[in-house]
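Some notes on the structure that comes next.
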Amino acid sequence: MPCIGVDPGQTWTAAVLRVGGFGEHGWTMGPVDKYGVIRRDALNEVDAWDAFALYIVRLVDALDALVEYAVTRYGEVRVGVEVPLVPVGWRPGSVKRFQQLPMRDWLIPRQVAAAVLGQYPEAKVIRPDGFGSRPASEYPTELRGTRPPGWGPNETPNRERDHERAAYDIAGAAARMPR
């Protein structure tokens, strides 16, 4: 079954349509300011609800388009989204000195995952498992180096592909889950 994996991030979120061992289409998008300019720091403040709303609208629109593409081409698609867990240092009863991770680094991805689940309630919930951490050489060629023509945007400053590789792995995890 074709699957779309979504790797939510504090700054960059990626989605990849995976069909078997092939990454067919994907994108990596980031937050924008009120003028529509991509801003790496737009979500550094966790209470920046206007910026977050702009981010979610862009992500959901792009995800809807990817789902529509997959359904048109294959007749069906499954969506899987990684759901960040509360870090150990932020769990109840943890010692304050272990709260080293900035709140935004897990809160924003968690909110992105919630938005995806709100749009696609049947999406598979994928727990973190080191997705995208294998060497790039172990991924299909379309997820290494230059992106295939026709793929969506890659808005990261250096055109990194790590979030897309993670999204590819998340799609694989979703594909292995029971209906």
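Structure above, values below:
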{"read-out": "Filtered residue count, region 162-179, keeping only those that are free of Cβ contacts under 8 Å to residues at least 60 places away in the same chain and part of a loop (DSSP other than H, G, I, E, B)", "value": "3"}
{"read-out": "Every pair of residues 6+ apart whose Cβ atoms lie under 6 Å, when the first sits in region 26-52 and is free of Cβ contacts under 8 Å to residues at least 24 places away in the same chain while the second is part of a helix (DSSP H, G or I)", "value": "A42/A51"}
{"read-out": "Selected residue (criterion: modelled with the lowest pLDDT) from residues of region 85-124 that are aliphatic (A, V, I, L, M) and surrounded by 15 or more Cβ atoms within 10 Å (Cβ to Cβ)", "value": "L107"}
{"read-out": "Residue within region 20-28 that is of a type in the set (S, T, N, Q) and in a helix (DSSP H, G or I) present", "value": "no"}
{"read-out": "Residue, farthest from V67 (Cα to Cα), within region 137-151, restricted to residues that are touching a helix residue (DSSP H, G or I) at 6+ places or on another chain (Cβ under 7 Å) and modelled with pLDDT under 95", "value": "R144"}
{"read-out": "Some residue of region 63-84 being of a type in the set (A, V, I, L, M, F, W, C), under 21 Å from A166 (Cβ atoms) and modelled with pLDDT under 95", "value": "no"}
{"read-out": "Test: S137 is under 17 Å from the mean Cα position of the chain (by Cα), more than 24 Å from V57 (Cα to Cα) and among the hydroxyl-bearing types (S, T, Y)", "value": "no"}
{"read-out": "Sole residue being within 17 Å of the chain's Cα centre (by Cα) and more than 19 Å from L117 (Cβ to Cβ), chosen from L66, L54", "value": "L54"}
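The values are calculated or read from the model by the stated rules, or taken from the named source; none is laboratory data. Quick caveat, the model's predicted, so the values are computed rather than measured. Glycine gets a Cβ as well: all are built from the backbone with ideal geometry, and neighbour counts include every protein chain shown.
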